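Right, one structure below, let's go through it.
Values quoted throughout were computed directly from the atomic coordinates according to the rules given, and no laboratory measurement underlies them. Computed from a prediction, not measured in an experiment: that's the story for all the values here. Because the Cβ atoms are built from the backbone with ideal geometry, glycine has one as well, and the counts that use them run over all protein chains shown.
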Amino acid sequence: MKIIEKYFPNLTDKQKEQISKLDSLYRDWNAKINVISRKDIDNLYEHHVLHSLAIAKAIHFRAGSEILDFGCGGGFPGIPLAILFPECKFKLIDGTGKKIKVCNEVAAAIGLENLKAEHIRGEEEKGKYDFVVSRAVMQLPDLMKIIKKNFKKSQQNSLPNGLLCLKGGNLQEELKQYKNIAEITPLSDFFEEEWFKQDKQLVYVPA
């Protein structure tokens, strides 16, 4: 929890309380449904919560923005972002029903009212959003093909509507068709911990 306050010192008491509850909730759910690698649960705040919040270092979503978390798994990056931006609306989707159950249960337990999670494949999602966020669910060209139908035309944020995707590894091949428009930011620009220096990046592709 301290690592979150280190980089986000202006959290409200409610946000601090919501974030502090995530540890016990995810430990409890992880014992029933493996949503986070068992050996990684001790690193929940650094490897999952703070990792998700790298998106918030790149953009401050305006009130009223609508964001789709594509392939949310157990709720990352959607749940930490929904805590940080209570005046935005978040929809989390995943093709695995038990992961969606965890998302909804965690959101309910911490009183997160600006988020809903649905068991649906990305191809079936018909809603329109300002941004799509994701954590390395598939190759970027495949992801962009599926989500291009989901972007609103109008723009109300500092960045044009588009995809904000957390990725690792060498992205040269994956991004070659987007090399002139994609912005790639190493997460070590935001966070000083060693884990973030291991080829972890935020990719932004305008819609």
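Each principal axis of region 1-206 carries a Cα extent, and these read 42, 37, 31 Å when sorted largest first. Cross-link pairs exceeding 20 Å in C-alpha to C-alpha distance, out of 16/57; 145/200; 101/145; 39/101, comprise 145/200; 101/145; 39/101. With the cut-off at under 19 Å, measuring from each backbone N in region 71-93 to a point 7 Å along the Cα-to-Cβ line of residue 136 picks out 71-81. In the chain, Cα pairs under 8 Å separated by at least six residues give a relative contact order of 17 percent. Restricting the calculation to Cα atoms, region 115-207 yields a radius of gyration followed by a Dmax of 14.0, 39 Å. Only the Cβ atoms of Lys and Arg (+1) and of Asp and Glu (-1) were treated as charged; on that basis the dipole of the chain about its Cα centre amounts to roughly 540 debye. Simple spin-label estimate for residue 128 and residue 159 gives 2.1 nm between the two label positions (7 Å along the Cα-to-Cβ direction from each Cα). What would the Debye formula give as log10 I(q)/I(0) at q = 0.24 Å⁻¹ for the alpha-carbon point model of region 52-109, no solvent? Summing over Cα pairs of region 52-109 leads to -0.95. Between residue 63 and residue 2, the simple spin-label model (points 7 angstrom out along Cα→Cβ) gives 3.5 nm. If you take the Cα centroid of region 37-115 and the Cα centroid of region 10-36, the two points sit 11 Å apart. Looking at region 23-87, the pairs of alpha carbons with a distance over 15 Å make up 52% of the total.
What fraction of the DSSP beta bridges in region 1-206 is antiparallel, stated in percent and rounded to the nearest 5? Mind showing how you got there, number by number?
On the way: 11 of 30 bridges.
Counting only bridges with both partners in region 1-206, antiparallel ones make up about 35 percent.
How big, on average over all directions, is the shadow cast by the Cα convex hull of region 96-160, in nm²? Write out the running numbers ahead of the final one.
Details: hull surface 22.2 nm².
The directionally averaged projection comes out at 5.6 nm².
Taking amide hydrogens as placed 1.01 Å from N in the peptide plane, the amide H of residue 118 sits under 5 Å from those of 92, 93, 94, each at least 5 positions away in sequence or on another chain. Find which of 117, 86, 10 sits farthest along the positive direction of the dipole of region 1-125, computed with +1 on the beta-carbon of Lys and Arg, -1 on that of Asp and Glu, about the Cα centre. The listed residue farthest towards the positive side: 10.
Given just the C-alpha atoms of region 1-120, how large is their convex hull per residue in cubic angstrom? Could you put the intermediate results ahead of the total?
Values: hull volume 10.9 nm³, N = 120.
Spelled out: Cα convex hull of region 1-120, divided by residues, is 91 Å³.
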